[in-house]
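See below for the structure under consideration.
The values are calculated or read from the model by the stated rules, or taken from the named source; none is laboratory data. Model, not experiment: these values are computed from the prediction. Glycine also receives a Cβ, built like all others from the backbone with ideal geometry; neighbour counts cover every protein chain displayed.
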């Protein structure tokens with residue numbers, strides 16, 4: 001059970017290892033592209049079809065027809081990677097249980113965006129966890145965990161792309177342990193619980209009252225999706241990549257500083273953030289010099305050297 005690209009390596013490693021995959025459950029197709037006239041299939045669906053696997057795309061996980069079809073597959077175990085919250089009728093169905101892959105070292109970062117929040121909070125380590133599902137989200141008994149380093153300048157996208165393969169290894173080992181009945185499940189410690197809430201407009205906005213380091217972590221923790229943002233000329237502007245400049249500041253905190261030729265920097269409490277790549281509302285994603293080649297920022301401190 002999975003939808004995005006993050007889940008494909010886990011499906012692939014089980015398929016390649018020779019396990020009988022009786023069904024793949026993924027999201028329904030969506031309309032997108034220019035004029036929303038193109039059918040967009042999930043990455044998991046595309047992979048499953050390429051291997052001739054049976055695909056189910058329920059709109060409602062509690063639908064009686066879907067539950068009957070799922071039951072008819074007679075799965076011994078269900079593996080969930082980046083899908084959605086399951087009702088008890090689904091996760092309690094297989095005799096050997098349902099196991100989920102989570103992108104953190106649980107109980108740290110329970111919730112929807114563990115990869116992002118680990119970087120946004122400046123952590124230098126994270127990991128993956130496989131656990132047996134129960135009703136309360138991300139609270140199940142832990143089977144396996146593997147830690148991994150977060151590099152100093154790594155973005156959420158880069159960490160995501162490394163983690164999906166480490167996660168796949170954990171999924172393969174999880175299924176092997178289940179098959180061999182070599183299962184030692186552990187309770188999650190309640191003393192170290194933290195949360196990774198869903199990302200939204202409010203918690204992705206850049207707060208310039210924070211330090212350069214904190215703003216830098218915030219931006220790379222949201223790169224390349226959904227992106228940290230600020231307002232420039234009253235236009236919402238996404239920031240993809242940036243650099244730090246530590247030191248004393250000569251401008252008020254939160255001020256956008258530019259020469260309107262080659263650079264844009266943002267004033268923090270202890271230095272500046274230089275924007276390298278951005279997307280202003282109504283414009284394409286581009287590097288800073290390309291934007292300034294055809295656009296003069298008005299609501300900024302203009303510097304010339």
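The single condition among (1) over 29 Å from the mean Cα position of the chain (by Cα); (2) within 23 Å of residue 152 (Cα to Cα); (3) surrounded by 19 or more Cβ atoms within 10 Å (Cβ to Cβ) that residue 257 does not satisfy is (2). For residue 192, indicate whether it is under 24 Å from residue 159 (Cα atoms), at pLDDT below 95 and under 24 Å from the mean Cα position of the chain (by Cα). So residue 192 passes the test.
What is the number of the single condition among (1) more than 15 Å from residue 104 (Cα to Cα); (2) in the same structural domain as residue 87 (by TED's automatic domain parsing); (3) more than 21 Å from the chain's Cα centre (by Cα) that residue 209 does not meet? Against the list (1) more than 15 Å from residue 104 (Cα to Cα); (2) in the same structural domain as residue 87 (by TED's automatic domain parsing); (3) more than 21 Å from the chain's Cα centre (by Cα), residue 209 comes up short only on (2). Residue 282 fulfils the conditions (1) out of contact with any helix residue (DSSP H, G or I) (no Cβ under 9 Å at 6 or more places or on another chain); (2) modelled with pLDDT of 95 or more; (3) assigned to a loop (DSSP other than H, G, I, E, B) except for a single criterion, (2).
Of all residues in the stretch 101-116, those that are free of Cβ contacts under 8 Å to residues at least 40 places away in the same chain have Cβ atoms under 9 Å from Cβ atoms of residues that are outside any loop (DSSP other than H, G, I, E, B), 6 or more apart or on another chain, in 102/110; 102/114; 102/128; 102/129; 102/130; 102/131; 102/167. Selection of the stretch 225-242 for residues being farther than 20 Å from residue 297 by Cα and in contact with a strand residue (DSSP E or B) (Cβ under 6 Å, 6 or more places away or on another chain) yields only 227. How many of the residues making up the stretch 262-284 are touching a residue at least 24 places away in the same chain (Cβ under 8 Å), surrounded by 14 or more Cβ atoms within 10 Å (Cβ to Cβ) and farther than 22 Å from residue 207 by Cα? Residues that pass the stated criteria total 0. If you check residue 120 against the conditions, is it in contact (Cβ under 8 Å) with a residue 60 or more places away in the chain and in contact with a helix residue (DSSP H, G or I) (Cβ under 8 Å, 6 or more places away or on another chain)? Spelling it out, residue 120 is indeed in contact (Cβ under 8 Å) with a residue 60 or more places away in the chain and in contact with a helix residue (DSSP H, G or I) (Cβ under 8 Å, 6 or more places away or on another chain).
Scanning the stretch 55-97 for residues that are under 30 Å from residue 221 (Cα atoms) and modelled with pLDDT of 95 or more yields 79, 80, 81, 82, 83, 86.
For residue 184, indicate whether it is surrounded by fewer than 18 Cβ atoms within 10 Å (Cβ to Cβ), touching a residue at least 40 places away in the same chain (Cβ under 8 Å), assigned to a helix (DSSP H, G or I) and touching a strand residue (DSSP E or B) at 6+ places or on another chain (Cβ under 8 Å).
Working: surrounded by fewer than 18 Cβ atoms within 10 Å (Cβ to Cβ): yes; touching a residue at least 40 places away in the same chain (Cβ under 8 Å): yes; assigned to a helix (DSSP H, G or I): no; touching a strand residue (DSSP E or B) at 6+ places or on another chain (Cβ under 8 Å): yes.
No.
What number of residues within the stretch 191-207 are surrounded by fewer than 18 Cβ atoms within 10 Å (Cβ to Cβ) and in contact (Cβ under 8 Å) with a residue 40 or more places away in the chain? Break it down stepwise before answering.
Pass one, the stretch 191-207, residues surrounded by fewer than 18 Cβ atoms within 10 Å (Cβ to Cβ): 191-195, 197-198, 200-203, 205, 207.
Retained after the next criterion (residues that are in contact (Cβ under 8 Å) with a residue 40 or more places away in the chain): 192-195, 197-198.
Of the residues in that region, 6 qualify.
Every condition in (1) in contact with a strand residue (DSSP E or B) (Cβ under 9 Å, 6 or more places away or on another chain); (2) in contact (Cβ under 8 Å) with a residue 60 or more places away in the chain; (3) surrounded by 16 or more Cβ atoms within 10 Å (Cβ to Cβ) holds for residue 215 except the one numbered (2).
Among the listed residues 21, 49, 115, which satisfies the condition of being touching a strand residue (DSSP E or B) at 6+ places or on another chain (Cβ under 8 Å) and farther than 29 Å from residue 154 by Cβ? If you could, list the steps in order and put the result at the bottom.
Values: 21 fails: touching a strand residue (DSSP E or B) at 6+ places or on another chain (Cβ under 8 Å); 115 fails: farther than 29 Å from residue 154 by Cβ.
The conditions single out 49.
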